[in-house]
Amino acid sequence: MKKEKGQGKPIPASALLVILGLVLIIFRNAAPEIVLRILAVGLLVVGAAGIFQQVRDKEAKKTSRIGKGFVHALYIILGIAILVKTGFFAQFFKYVLGGIMIFFGVKDMVPAIKYRQGWLKLILSVLAIILGVCLLFVPAGFLTLFSGLALIYSGVISIYNESKKTDGAKK
């Protein structure tokens, strides 16, 4: 039985992002170091799960498997680095996260406008850009709240994109 394209790929990792985001919002008074440790553990889990999926996916092209495996290995390395040098990463964390949110917001907004992918994707893209800008300028006390919102956004948009791929594969 052949597996449909897009079936069962990043939804577990995306769900983990949403769960981590909810944890950060619930415990928003936590210190930035705790936020970084939670994110580091999330990176380790997502990286390990991604490598496990790549090893199991025998139908993917070898170059695709190597490339995705490399990205997941980078997640693991970054997670370990954050756990080892948490203080170093805490200094510039909000700027990096803000930049990433702006980048992904623009990356999602351009095709949403160009290919008319729907209002939801456009609204989520604009929300990501707004969150990214807010992260650049908010005091460190709001970092946990905005980090949680950013993770929830990333998880929701990944689930949305994957569900669209799955819907397209079924037709």
**Study point:** Any pair with Cβ under 6 angstrom, 6 or more apart, that starts in segment 113-136 at a residue that is closer than 16 Å to Tyr160 by Cα and assigned to a helix (DSSP H, G or I) and ends at one that is open to solvent by 50 Å² or more (accessible area, probe 1.4 Å) and not β-branched (Val, Ile, Thr)
**Key:** Ala128/Phe104
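Quick test for you: out of Lys85, Lys107, pick the one residue that is farther than 15 Å from Phe146 by Cβ and within 18 Å of the chain's Cα centre (by Cα). Walk me through how you get there before you give the answer.
Working: Lys85 fails: within 18 Å of the chain's Cα centre (by Cα).
Answer to the check: Lys107.
Kindly provide the set of residues from segment 1-14 that are open to solvent by 40 Å² or more (accessible area, probe 1.4 Å) and either among the small types (Gly, Ala, Ser) or modelled with pLDDT of 80 or more (or both), ordered by number.
Going residue by residue through segment 1-14, those that are open to solvent by 40 Å² or more (accessible area, probe 1.4 Å) are 1-5, 7-12.
Within segment 1-14, just Gly8 meets the criteria.
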Check your understanding: If we scan segment 103-110, do we find a residue that is out of contact with any helix residue (DSSP H, G or I) (no Cβ under 6 Å at 6 or more places or on another chain), touching a residue at least 12 places away in the same chain (Cβ under 8 Å), aliphatic (A, V, I, L, M) and part of a helix (DSSP H, G or I)?
Key -> yes
Practice item. Output the residues belonging to segment 115-161 that are among the β-branched types (Val, Ile, Thr) and closer than 27 Å to Gln91 by Cα. Key: Val126, Ile129, Ile130, Val133, Val138, Thr144, Ile152
Point to revise | Hits in segment 54-79 (condition: under 17 Å from the mean Cα position of the chain (by Cα) and either modelled with pLDDT of 85 or more or surrounded by 15 or more Cβ atoms within 10 Å (Cβ to Cβ) (or both)) | key: Lys68, Gly69, Phe70, His72, Ala73, Leu74, Tyr75, Ile76, Ile77, Leu78, Gly79
**Study point:** Failed item, numbered, when Ile157 is tested on (1) surrounded by fewer than 18 Cβ atoms within 10 Å (Cβ to Cβ); (2) modelled with pLDDT under 80
**Key:** (1)
Check your understanding: Of the residues that make up segment 93-103, is at least one modelled with pLDDT of 80 or more, farther than 20 Å from Ile159 by Cβ and crowded, with 19+ Cβ neighbours inside 10 Å?
Key -> yes
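Could you say which residue among Val110, Val106, Val18, Val46 is at pLDDT 80 or above and either touching an Asp or Glu at 6+ places or on another chain (Cβ under 6 Å) or over 21 Å from Ile129 (Cα atoms) (or both)?
Numbers: Val110 fails: either touching an Asp or Glu at 6+ places or on another chain (Cβ under 6 Å) or over 21 Å from Ile129 (Cα atoms) (or both); Val106 fails: either touching an Asp or Glu at 6+ places or on another chain (Cβ under 6 Å) or over 21 Å from Ile129 (Cα atoms) (or both); Val18 fails: either touching an Asp or Glu at 6+ places or on another chain (Cβ under 6 Å) or over 21 Å from Ile129 (Cα atoms) (or both).
Within the list Val110, Val106, Val18, Val46, the selection yields Val46.
The values are calculated or read from the model by the stated rules, or taken from the named source; none is laboratory data. It should be emphasised that the depicted structure is a prediction, and the values quoted were computed from it without experimental measurement. Cβ sites come from the backbone with ideal geometry, for glycine too, and all protein chains shown count toward neighbours. Surface accessibility is based on the protein's heavy atoms, side chains included, excluding ligands, DNA and RNA. Shrake-Rupley method; radii C 1.70, N 1.55, O 1.52, S 1.80 Å.
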